[in-house]
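Below is the structure I would like to discuss, written out as structure tokens.
Read-outs throughout are calculated quantities, based only on the coordinates presented, and are distinct from any laboratory measurement. Source: prediction; values computed, not measured. Please note: Cβ atoms are built from the backbone with ideal geometry, for glycine as well, and neighbour counts cover all protein chains shown.
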Amino acid sequence: MGSSLSKNSKAQKRTRKPKTHANPEVNEGTIQNGFGKPYRDLEARDDRLSFPLDKLQLSLVSDQQLARLFSTAPKLHEYGGVKVVRLSKSLAGKGGRGVLPCESQNMIFAAESLHLPVPRVHRTFTADVPGFAEGQLVKAYFIVMDYIPGPTVDECWNSLEVDQRQSVAGQVAAMIEKMQSKTLKLLPGPIGWTGSQKFVGPWFTEDGAGPFASLQDLEDWCNHKIDVCVRYQQLEQHPPRFKFRRLVLTHQDIAPRNLVLDAQEKVWMIDWAFAGVYPPGFEQAVLQVRSGRYREFAEMVLSKLSDRQERITKQFFSIGYGLSLAARI
């Protein structure tokens with residue numbers, strides 16, 4: 001591990017002095033390795049160290065060799081069935097039984113069709129990994145992508161000056177505007193979905209939902225959640241119904257933990273697992289309702305958008321019961 005209790009204590013006491021054009025300081029106190037908590041190893045970000053693929057061409061490394069590296073390479077992040085490792089000075093890998101095949105397709109589409117600042121995908125593959133039962137093997141999906149140096153915005157937000165925070169929020173708002181400015185003539189759901197894969201993300205319960213073959217099917221399901229809330233007296237009679245008219249690319253999990261701020265103060269958007277083609281407003285609703293301790297960040301971003309999508313945000317909030325306690329009804 002790249003830290004100790006004494007080192008963490010010193011990090012917490014250190015006075016933050018952000019510099020306008022410097023790489024913002026990482027809060028080492030966020031490193032955790034316990035039940036239900038993500039694990040991060042600061043050595044994975046230390047460019048003074050050597051990494052497994054530093055002197056190798058990716059094209060010469062087999063899928064089997066890459067899969068084995070996920071057990072030995074320094075971990076940038078590990079939580080549940082998802083692991084992100086540092087493969088070289090310029091490459092990172094994401095893989096595990098919790099990684100969805102659609103994530104890489106979402107990333108490629110965002111980068112190539114809308115030219116959003118997203119890590120470039122270099123390679124994808126599947127491999128068998130241990131399952132939950134002893135001796136069990138399950139298929140896992142792996143992505144090799146660019147490593148973006150810099151802290152996540154949640155790690156450095158408190159050390160940023162007001163103008164730096166405004167810059168971050170402005171860049172994120174510009175990404176949302178770009179995604180919502182282009183109507184997509186595609187079916188709803190993740191990019192490249194197979195037709196049997198459930199839709200995932202805050203709009204679709206913890207179990208996932210669908211798949212939905214049309215925009216009308218998606219609208220009907222959301223209105224069904226309104227009906228469930230009315231039936232169980234969580235909403236008054238005759239609430240406003242969902243009405244969807246078009247589809248746009250949606251990240252569906254924009255949060256400081258999924259944004260990287262590089263040394264030039266450019267914001268990169270990562271973790272496209274929940275992304276897909278959904279109605280405008282899905283983005284704003286999640287950003288506003290699930291902002292948590294980063295309400296200031298969310299409000300800064302929303303204030304810079306041409307449309308906060310208040311109506312659909314209120315509807316999303318109103319069906320919370322149908323998406324949680326009554327998720328399977």
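Given 0.36 nm per residue, what is the gain on full extension from residue 245 to residue 196 after removing their alpha carbon distance, in nm? List each step's numbers first, then the result.
Numbers: separation 49, 0.36 × 49 = 17.64 nm, distance 2.39 nm.
Roughly 15.3 nm would be gained on extension.
While we're looking at this one, here's another question. So how far, in whole Å, is the C-alpha centre of segment 183-249 from the one of segment 291-308?
23
Next up: Normalise the Cα radius of gyration of segment 166-273 by 2.2 N^0.38 Å (N = residues in it) and let me know the number. Could you put the intermediate results ahead of the total?
Working: Rg = 16.7 Å, N = 108, 2.2 N^0.38 = 13.0 Å.
Rg over 2.2 N^0.38 Å, computed on Cα atoms: 1.28.
Peptides 195-202, 42-49: what's the order by average Cβ count within 10 Å, highest mean first? Please report the intermediate quantities before stating the final value.
On the way: 195-202: 16.2, 42-49: 13.5.
Those peptides, ordered most packed to least, come out 195-202, 42-49.
Run the numbers on the chain and let me know its relative contact order in percent, using alpha-carbon pairs under 8 Å that are six or more apart.
Numbers: 576 pairs, mean separation 56.8, N = 329.
Result for the chain is 17 percent.
Out of 38, 188, 256, any idea which swings most in a Gaussian network model of the chain, alpha carbons joined below 10 Å?
38
Pull out the extension gain between residue 127 and residue 234, defined as 0.36 nm times the separation in residues minus the alpha carbon to alpha carbon distance; nm, one decimal. Can you show the working numbers first?
Details: separation 107, 0.36 × 107 = 38.52 nm, distance 4.46 nm.
The span from residue 127 to residue 234 would gain 34.1 nm if fully extended.
Beyond 11 Å, what share of the Cα-Cα pairs of segment 237-277 remains, rounded to the nearest whole percent? Working shown, then result.
Values: 598 of 820 pairs.
Beyond 11 Å sits 73 percent of the P(r) for segment 237-277.
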